[in-house]
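Have a look at the structure below before the remarks.
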Amino acid sequence: MASTKKAPLDPKKTLEKIEEQFEMFQILNENGEVVNESAVPDLSDEELQELMRRMVYSRILDQRSISLNRQGRLGFVAPTAGQEASQIASHFALEKEDFILPGYRDVPQIVWHGLPLYQAFLWSRGHVEGMKIPEGVNVLPPQIIIGAQYVQTAGVALGIKKRGKKAVAITYTGDGGSSQGDFYEGINFAGAFKAPAIFVVQNNQFAISTPRDKQTAAKTIAQKAVAAGIPGQLVDGMDPLAVYAAVKDARERAINGEGPTLIETMCYRYGPHTMAGDDPTRYRTSELDNEWEKKDPIVRFRKFLENKGLWSEEKENEIIEQAKEDIKAAIKKADDTPKQKVTDLISVMFEELPHNLQEQNELYKAKESK
């Protein structure tokens with residue numbers, strides 16, 4: 001009997017088959033036209049207008065925060081312009097009982113989740129009052145350690161599951177954060193325990209200054225979900241309807257006991273990585289900037305709403321003026337907050353201060369009393 005020769009191993013082909021599955025999910029094209037009718041989320045006219053209001057408001061918050069930083073009135077600021085669909089539309093799919101574990105660029109989401117704006121400004125200044133989250137506002141302070149929020153989210157999500165709550169924990173990082181070990185540990189842990197978590201990677205193309213194709217050999221970040229045994233979704237992060245639909249779906253599956261989801265939103269930050277000296281002109285071309293400006297999420301959504309008769313320049317200008325007034329009042333309230341003393345910081349570091357900090361606290365008390 002003739003022997004049957006087995007086909008040789010072809011792991012490259014296996015990889016290619018996996019990569020082919022991760023197609024970009026989109027509902028609105030760059031002109032604000034619906035290209036995926038069956039996927040359009042069931043949002044009322046009022047909800048569509050509210051989503052746009054929050055996106056416009058957040059763009060103004062970004063612009064004013066940059067100005068305040070340049071005036072020396074804010075400390076750490078990570079620009080968000082260009083990522084409004086990724087940030088605000090994802091938050092719009094959440095409920096009040098859900099927990100947000102933000103990265104340092106994700107201040108808009110936690111403000112819309114209930115953190116007073118003046119406290120967000122105090123957090124930027126490193127003031128302890130900015131970290132005192134009000135009761136009932138389910139957010140953690142923005143994480144500075146890149147990717148650390150992914151491990152924390154797995155733990156918070158597991159706690160939600162053990163308490164039998166119908167809620168999720170959602171977190172965000174950038175494409176650079178997906179290269180951190182905490183990223184893999186977080187999605188793997190959550191997947192193993194079917195914890196109700198949503199992991200968002202806002203792929204804004206450059207981390208700080210390193211292009212995404214230098215971060216990883218993977219064709220997409222979304223496909224990394226396969227290794228953790230959880231669903232992964234690649235989404236047009238400049239399309240608010242697509243982002244909303246993807247997060248809404250992930251949330252519904254999570255609260256139904258189906259575990260976590262990894263979502264990669266393809267987006268672009270128009271400003272620098274942070275206001276701490278980054279110069280994007282050193283690693284990005286004007287041609288690339290112009291290409292992504294044509295995909296602006298606010299312009300795209302504006303066209304969509306205008307075609308439905310739901311938006312106008314007058315309405316947008318009203319929102320812009322309201323945002324400016326709110327920001328003016330919030331920064332004044334932050335300015336009026338008593339300046340932080342060293343003892344204010346030491347006193348909240350531990351429930352019971354260890355001996356060395358007790359000594360330091362007494363030392364600074366004496367200095368501050370003079």
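The values are calculated or read from the model by the stated rules, or taken from the named source; none is laboratory data. Bear in mind the structure is a predicted one, so any value in this text is a computation, not a measurement. Every residue, glycine among them, receives a Cβ derived from its backbone with ideal geometry; neighbour counts consider all protein chains shown.
Do you know which residues across the range 221-246 are touching a Gly at 6+ places or on another chain (Cβ under 8 Å) and either assigned to a helix (DSSP H, G or I) or among the hydroxyl-bearing types (Ser, Thr, Tyr) (or both)?
Result: ALA222, GLN223, LYS224, ALA225, VAL226, ALA228, VAL243.
Tally up the residues in the range 183-216 that are part of a strand (DSSP E or B) and among the hydrophobic types (A, V, I, L, M, F, W, C), please.
Applying the first criterion (part of a strand (DSSP E or B)) to the range 183-216 yields 197-203.
So of that shortlist, the ones also among the hydrophobic types (A, V, I, L, M, F, W, C) come out as 197-201.
So the answer is 5.
Residue check, ILE255 against (1) at pLDDT 95 or above; (2) of a type outside the set (S, T, N, Q); (3) out of contact with any Asp or Glu (no Cβ under 8 Å at 6 or more places or on another chain); (4) part of a loop (DSSP other than H, G, I, E, B), all met but one. Which one?
All conditions are met except number (4).
Could you tell me whether the range 150-162 includes any residue that is among the hydroxyl-bearing types (Ser, Thr, Tyr) and free of Cβ contacts under 8 Å to residues at least 60 places away in the same chain? So that I can check it myself, show each step before the final result.
Residues of the range 150-162 among the hydroxyl-bearing types (Ser, Thr, Tyr): 150, 153.
Going one step further and asking which of them are free of Cβ contacts under 8 Å to residues at least 60 places away in the same chain, we end up with 150, 153.
Taking every residue of the range 150-162 in turn, at least one turns out to be among the hydroxyl-bearing types (Ser, Thr, Tyr) and free of Cβ contacts under 8 Å to residues at least 60 places away in the same chain.
For the structure I just gave you, tell me whether SER65 is closer than 26 Å to GLY277 by Cα and either more than 18 Å from the chain's Cα centre (by Cα) or not β-branched (Val, Ile, Thr) (or both). So that I can check it myself, show each step before the final result.
Numbers: closer than 26 Å to GLY277 by Cα: yes; either more than 18 Å from the chain's Cα centre (by Cα) or not β-branched (Val, Ile, Thr) (or both): yes.
Judged against the criteria, SER65 is a match.
Being outside the structural domain of ARG302 (by TED's automatic domain parsing), more than 26 Å from GLY72 (Cα to Cα) and part of a loop (DSSP other than H, G, I, E, B) is the requirement here; does GLU352 meet it? Don't jump to the end; show me each part of the working.
On the way: outside the structural domain of ARG302 (by TED's automatic domain parsing): yes; more than 26 Å from GLY72 (Cα to Cα): yes; part of a loop (DSSP other than H, G, I, E, B): yes.
Spelling it out, GLU352 is indeed outside the structural domain of ARG302 (by TED's automatic domain parsing), more than 26 Å from GLY72 (Cα to Cα) and part of a loop (DSSP other than H, G, I, E, B).
Assess whether ALA190 counts as being among the hydrophobic types (A, V, I, L, M, F, W, C), touching a strand residue (DSSP E or B) at 6+ places or on another chain (Cβ under 6 Å) and modelled with pLDDT of 95 or more.
So ALA190 passes the test.
Sort through ALA323, ALA366 and tell me the only one that's loosely packed, with under 14 Cβ neighbours inside 10 Å and small (Gly, Ala, Ser).
ALA366
Results for (1) crowded, with 20+ Cβ neighbours inside 10 Å; (2) in contact with a Pro (Cβ under 8 Å, 6 or more places away or on another chain), shown as yes or no for each residue.
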residue: LEU122; (1), (2): yes, no
residue: GLU129; (1), (2): no, no
residue: LYS132; (1), (2): no, no
residue: THR153; (1), (2): yes, no
residue: ILE160; (1), (2): yes, yes
residue: GLY164; (1), (2): no, no
residue: ALA167; (1), (2): yes, yes
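For residues in the range 132-152 being assigned to a helix (DSSP H, G or I) and in contact with a helix residue (DSSP H, G or I) (Cβ under 6 Å, 6 or more places away or on another chain), which is nearest to THR265 (Cα to Cα)? Before you say what the answer is, go through the steps one by one.
Residues of the range 132-152 that are assigned to a helix (DSSP H, G or I), as a first pass: 148-152.
Those left that are additionally in contact with a helix residue (DSSP H, G or I) (Cβ under 6 Å, 6 or more places away or on another chain): 148, 150-151.
Working: ALA148: 19, TYR150: 16, VAL151: 20 Å.
The selected residue is TYR150.
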